[in-house]
Amino acid sequence: MSLLSIKDLKVSFKTRRGDVDAVRGVSLDVAKGEVLGIVGESGSGKSVTSYALMRLLESNGRVTGGALSYGGIDLGTVKESVMRDLRGREISMIFQNPRAALNPIRKVGHQIEDVLRRHSRATRSNARAEAIKALEAVRIRNAEARYSAYPFELSGGMCQRIVIALALACDPKLLIADEPTTGLDITTQKAVMDLIVDLIAERGMSAIVITHDLGLAAQYCDRIAVMKDGEVVEEGQAERLFAAPRHAYTRKLVDATPRAGASVRSLLPSELRTAAPVLAKATAPLLEVRDLVKTYQGKSGPVQAVKGISFAVKKGQSVGLVGESGCGKSTTSAILVRLADPTSGEILFNGEDLAKTPAKDFARDPRRARIQMVFQDATDSFNPRHTARHSIGEPLARLSGLSRKKRQDRIDELADLVGLPRPLLDRFPHQLSGGQKARVGIARAIAVDPEFLILDEPTAALDVSIQAIVLNLLVDLRAKLGISYLFVSHDLHVVRLLCDHVIVMRDGEIVEEGPADRVMEAPTHPYTRELLAAAPTPPALAEPTFSAAE
Amino acid sequence: MSDLATASLPAKQPDGALAHAAYVLRSNPVTLLAFSMFAVLLVAAILGPALVPYDPMASNAAQALQPPSFDHWFGTDNLGRDVLSRVVVATRLDLVISVAAVALSFLIGSILGSIAGYWGGWIDSVLNRLFDTIMAFPLFVLAMGIVAALGNTVENIVYATAVINIPFYARLVRAEVNIRRDAGFAQAAKLAGNSDIRVLAVHIFPNALPPMMVQVSLNLGWAILNAAGLSFIGLGVRPPTAEWGIMVAEGANFIVSGEWWLAIFPGLALMFAVFTFNLLGDGLRDIVDPRQRT
C-alpha cells in the first residue's frame, strides 16, 4: 500500500502570456520506506509537483485536476488548518538553497525549537535539549555550540544539515528533498546525500528526491521517475533506466550525464554526434605563471588565498583548474584575466609580464583583447538593460576598432559560430534561456579573437543536456580558432572531457598536476582521490561496454 | 536542446519601448490614471495662459471677492482677479520650480552617489558625512535659511530645494551602485576594454534608474509643496505673481470672513499635483525597467 499517491495531477500558472500548464497529468506513487527520485531539467515541473502536494504553490498557481492522497487523507480538499499540521509532522521538505530557507536573523537552535513546539514535540522547558538532540541527529559535531549560531556563521553544507534537522525534527513519514545539494561542493554533496539516505533508512521514512542530476538519483534512489514538460516520461529502477532507457528523452539524459569513460561527443544524442575535431598538438608556451601569491586583508590578519602557485599553459592547450569553493581557483582566474592584482608573482604571457600592468589600467592595455573570460553566472554577467547584440558588440566596439557596419556583421557571424539563432540577438538577458545565455557569453568572449580564454564553470548552472551541447561547442571552437583554455571547474568528470592537462587546487596550493587521463586514472594525491570518489557514479560506469557500443 | 526548441518558435514579441509603455499603462489602471492626471498638469503648464478665460493679473475692483459663479468658476479674489485663471496659470511656475529642483538634485546626487558607491574608501566616508550633515537639519528650515541668505528669487528657491534633496538621491544611487560594483556584467564590461568611469556611467548607473524613478516622482510632489511652502511664508515668489503657495497664503486671510474659495482652489491644485506625482512613481519604474518586458 502506497503512502503517497498522486493521480493525474495538473497544475497551471497564470502569467502575462496566458495560462501555462506546468504539470500535465502526473501520476506517481511512493511506497512506505521507498526513496523515489524525480529527475528532470529546469521547467520540467518536478518542483511544482512537490509544491503542489505540500499546497505551497505561488499565488498565481492552481491545481486544475487530479487527486493527491497521503495515507488516506485527500491533500487536495483538506482544510488549510489540517494541512498546517501535516506539514512538518507528516510531510516535510528540504529546500534548494539552505541559506534562503533559514531565517537569517534567528539562531538556528531557536528555529528548530519553533518547529518542535509548533507540533507539540517539545515544551518550553525541554525545547533546548530537544533541539540539540535534533542537531546531533544530523551528525553536527559540537551541537551545543552550534545551537546559538546564526546561519551566516555556518558553511553551506552545515546550513543544509540544519535544514535537514528542521525537516526531520518532528519525525515526518515523508521527506521531500528539492535539489538538496545544488550549490554545495562535491565532497559536501556526498556527505549530505549519505546523511539523508542514512537517516531515511534509520527511521523507515519515505522520501522524494528531486534533482537534475541523473547520476545522483541513480546512486541514492530506489526508483526514478523522469519528467519532461510536466509529464512523467519514464519510471523504473536506476539500473534499468541506464542500461535500457525506453523513452528517447531518458536516453538523451543518460547520454548527457558525464561519467568515466565517456567522450565529449558521446554526451550528445546519437543523431547529433559528428566526428570529434582533431586538435593540434600543443607545443609553444603561451602563459606561464610563476610563484603567484594573493593575500587579502582579513578581519583576523592577512589571509592567503593563493600561496605561490606556478603552472604553464601551452598554445592551443586546454588546462583544467579543479578544486572546491575557497581553494583559490576563482582568485587565480580573476588575477590571470587581469581583474585583480596579485600580491606577488609573475604572469608571463608570450614572454611579457602582465602583472607589471595594474588591473585598473589593463582595460586600456593593447593586450586586453588577447585574454578574455566566460563567466560562471550567465545571468549576472549580462547587463540587464542591454540586448544580447549589445552585449556581444561591447568588446568589439571598445577593442576591435571595426566600423559600426562591420561590427554588426561580426556579431551575426559570432551568433552563427556559437549556434545562437540570429533573431534572439535582440532579446534582453531575462528573455533568454540558460543555454542561450551561455552561448551569448561565449560569443562575447571570443568576439575579439582572444588567444587565451578563461572559462569559469561555464556549465555549472546548465541542465545536463544543454551542458553537453555547450561542452561540444567549446571543443569545436577550440579546434576551429586555436584558442587556449583555462577551464575552471569543481567537476573532474567535466574537466576530463575538455582538458588535456589538469591542475588540482586546495587551500591556495596546487596538490596535483598532470595529463588529464593520468590524474583521472591514477591520482597520486589523496585529495584528488577524494574528489573522484565523491562524484556520483551512474550505473553505466559498471558497464563500460555500454558507452563503447555507441 | 530545449534552447534550440524554444529558439525555433517564432520570436515574435512586441519589444519596443512604446509597446512596453502601452502594456504597463494597460495592465495597471492606477498608472493610467496617474499619467492622465500628469497630462492635465502638462497641458495647463504649457497652454495655460492661452486657455484661461481672464487675464490672471488684471484686477477689477467692481468684481472683488465674488463667490464661484458661472462667469468665475473659482470666484474672484480681493482685487477682483479670476481665481481659476490664476490657478491654471500658476501651474507653469510651480512645475518649473519643482522639475528644475528635482533635476538638479538628481544630477548632482547621482554623480556624488555613484562616486561614493563605486570607489568607496575615504571619498565614500567624506561624502556620507556631508549628506548626514545636510540631513541633520530640519530640511524646510535649511531651505528657508538658504533662500534668506542667497536672496529672495525663484532661482534660489530652486537651488535651496535641490540642496536639501541631494542626500536622498546620493544615498539611493550609492547603495544601488555599490551592490553592482563587482557584478559579473561590470567585470565583463572591464574585460571589454571599458575604463572604470565608462563601466560606472554606461553599465552600472543605468541599472539604478528604476528605483530612482520612484524617488523622482515622489520628490516632484514634495518639491512643489516645498516651493509653495516657501512662498507661503513670504520667501521666493512674490505677489502679484500667480503661484499656488502665495495664493493660499493670501487667501488664508479671507477664510475667517467666509471667502473660502480664495485658499481652497489653489490648495486643491497643489493637492492634485502632489497626488499625481505620488501615483506616477511605480508606473515610471515599470517603464524604465527592461526586466518588466517578457
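Most exposed first by the Cβ proxy, i.e. fewest other Cβ within 10 Å, how do A:Thr387, B:Thr161, A:Thr379, B:Thr133 rank? Before the final figure, lay out the partial values.
Details: A:Thr387 21, B:Thr161 30, A:Thr379 15, B:Thr133 10.
Ranked by crowding around the Cβ, least crowded first: B:Thr133, A:Thr379, A:Thr387, B:Thr161.
Placing unit charges on the Cβ atoms only, positive for Lys and Arg and negative for Asp and Glu, gives chain A a dipole magnitude near 1480 debye about its Cα centre.
Could you tally the net charge around B:Ser195, taking each other residue with its Cβ under 12 Å from the Cβ of B:Ser195, Lys/Arg +1 and Asp/Glu -1? It would help to have the intermediate numbers written out before the result.
Numbers: positive: A:Lys360, A:Arg364, A:Arg368, A:Arg398, B:Lys190, B:Arg198; negative: A:Asp361, A:Asp365, B:Asp196.
After counting each charged neighbour, the total is +3.
Taking the convex hull of the alpha carbon positions in the range A:278-401 and averaging its projected area over all directions gives 10.2 nm².
List the relative contact order of the range A:446-525 as a percent without decimals, with contacts defined as Cα pairs under 8 Å and 6+ residues apart. Let's see the in-between values first.
On the way: 74 pairs, mean separation 19.3, N = 80.
Reported as a whole number, the value is 24 percent.
Among A:Leu532, A:Leu497, the order by Cβ neighbours within 10 angstrom, fewest to most, reads A:Leu532, A:Leu497.
Expressed as cubic angstrom per residue, what is the convex hull volume of the alpha carbon set of the range A:48-198?
On the way: hull volume 18.7 nm³, N = 151.
Looking at the range A:48-198, the number lands at 124 Å³ per residue.
Mean silhouette area of the range A:205-361, derived from the convex hull of its C-alpha atoms and averaged over all directions, reads 15.6 nm².
Among the listed pairs A:Lys14/A:Lys228; A:Lys107/A:Lys190; A:Lys315/A:Lys360; A:Lys10/A:Lys228; A:Lys190/A:Lys307, those whose Cα-Cα separation exceeds 18 Å are A:Lys14/A:Lys228; A:Lys107/A:Lys190; A:Lys315/A:Lys360; A:Lys190/A:Lys307.
Counting other Cβ atoms within 10 Å as a rough exposure proxy, the listed residues A:Lys315, A:Lys281 run A:Lys281, A:Lys315 from fewest neighbours to most. The Cα center of the range A:344-411 and the Cα center of the range B:128-145 differ in position by 44 Å. The range B:223-241 to the range A:126-183: how many Å between their Cα centroids? Centre-to-centre (Cα) distance: 63 Å.
Annotation for the range A:495-518 versus the range A:2-71: alpha-carbon center distance of 42 Å.
For the residues of B:262-271, the average number of beta carbons from a partner chain within 10 Å of their own beta carbon is 0.
So for the range B:18-292, Kirkwood radius off the Cα pairs, Stokes-Einstein at 10 °C and 1.306 mPa s: how many µm² s⁻¹?
Details: Rh = 20.6 Å.
Answer from the Stokes-Einstein relation: 77 µm²/s.
Using Cα-only point scatterers and the Debye equation, what is log10 of I(q)/I(0) for chain A at each q in 0.09 Å⁻¹, rounded to two decimals? For the requested q values the scattering log ratios are -0.75. Dipole orientation for the protein assembly as shown: of the candidates B:Pro53, A:Ala100, A:Ser318, A:Ser318 has the Cα lying most toward the positive pole (charges on Cβ; Lys, Arg +1; Asp, Glu -1). The modelled label-to-label distance for the pair A:Phe152/A:Asp353, using points 7 Å beyond Cα in the direction of Cβ, is 4.0 nm. Size of the range B:74-116: Rg and Dmax of its alpha carbons, in Å, are 17.7, 54.
What share of the DSSP beta bridges in the protein assembly as shown is antiparallel, in percent to the nearest 5? Walk me through the intermediate numbers first.
Numbers: 51 of 88 bridges.
Approximately 60 percent, going by the DSSP bridge assignments.
Can you list which of the trypsin sites (Lys or Arg not before Pro) found in the range A:35-85 are DSSP loop residues with at most 15 other C-beta atoms within 10 Å? Here the sparse-neighbourhood loop sites are A:Lys79. Each Lys or Arg adds one and each Asp or Glu subtracts one; over the other residues with Cβ under 12 Å from the Cβ of B:Thr161, this totals -2.
Bear in mind these aren't lab numbers, they're just calculated from the coordinates by the rules spelled out. Being a predicted model, the structure only gives us computed values, none of them experimental. Backbone-built Cβ (ideal geometry, glycine too); neighbour counts: all protein chains shown.
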